[in-house]
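Novice: One structure, as C-alpha cells, below. Some questions next.
Bear in mind these aren't lab numbers, they're just calculated from the coordinates by the rules spelled out. These figures come from a predicted structure and were not determined experimentally. Here the Cβ positions follow ideal geometry from the backbone for every residue, glycine too, while neighbour counts run over all protein chains shown.
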Amino acid sequence: MDLELDCQCDCCDYLTLSKKGDSQLCPVCFWEDDPACSFTKADARSEANHGLTLREARESFCRIGASCDDMLAHVLPPHARTHFRRVSRAE
Ligand SMILES: [Zn+2]
C-alpha cells in the first residue's frame, strides 16, 4: 500500500499526514494537526484537540497509544500502524 504520506504527526511521530497545517486527523493517535501547537510549541493548548497540549498528547500516546483517553476507541491497533513509517525525534 503506497499512501504517499510524508508529513509527520506531531504527536505520535508516524508519517500519517499528506500535508501539514491542514487540520488533518492522524489515524494512528487521533491528534488533529494544529499549526498553533507544533512540535516546537508543545505547551500551547490546542483548541482543535479539546484544549490538550502536544506535550500531554505525546505522553498519552506513550502510555495508552492514543492522543487522549477519549480517542482510544478510534485509534488504530498497534499491528495496523505498520502501514505507516515512523521517524522518532529527540525531545
Ligand atoms: Zn499521530
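Novice: Residue by residue through the stretch 32-48, which ³J(HN,Hα) values in whole Hz follow from phi under the Karplus form 6.51 cos²θ - 1.76 cosθ + 1.60 (θ = phi - 60°), with glycine and proline marked x?
Specialist: Those phi angles translate into 8, 4, 9, x, 6, 10, 7, 4, 8, 10, 5, 9, 7, 6, 9, 5, 5 Hz.
Novice: Choose one of C62, A36, H74: the residue whose Cα lies farthest towards the positive end of the charge dipole of the chain (beta-carbon charges +1 Lys, Arg; -1 Asp, Glu; about the Cα centre).
Specialist: Result: C62.
Novice: Using the Karplus curve 6.51 cos²θ - 1.76 cosθ + 1.60 with θ = phi - 60°, what ³J(HN,Hα) values do you get for each residue of the stretch 10-17, in whole Hz, with x for Gly and Pro?
Specialist: Result, ordered by residue: 6, 8, 9, 6, 7, 8, 10, 10 Hz.
Novice: Taking 0.36 nm per residue of sequence separation and subtracting the Cα-Cα distance, how much length would be gained by fully extending the chain between D6 and D69, in nm to one decimal? Write down the numbers at each step before the final one.
Specialist: Details: separation 63, 0.36 × 63 = 22.68 nm, distance 2.65 nm.
Net length gain for the segment: 20.0 nm.
Novice: Find the percent of Cα-Cα distances in the chain that exceed 24 Å, and round it to a whole number.
Specialist: 10 percent
Novice: How large, in Å, is the stretch 9-54 by the Kirkwood hydrodynamic radius built from its alpha-carbon pairs?
Specialist: Working: mean 1/r = 0.0978 Å⁻¹.
The answer is 10.2 Å.
Novice: Enumerate the amide H contacts of T16 below 5 Å, restricted to partners 5 or more residues apart or on another chain; note that Pro and chain-start residues carry no placed amide H.
Specialist: C7, C9
Novice: Follow-up. In whole Hz, what ³J(HN,Hα) sequence does the stretch 18-23 give by Karplus (6.51, -1.76, 1.60; θ = phi - 60°), x for Gly and Pro?
Specialist: 7, 7, 8, x, 10, 6
Novice: Using only alpha carbon pairs under 8 Å that are at least six residues apart, calculate the relative contact order of the chain and give it in whole percent.
Specialist: Answer for the chain is 26 percent.
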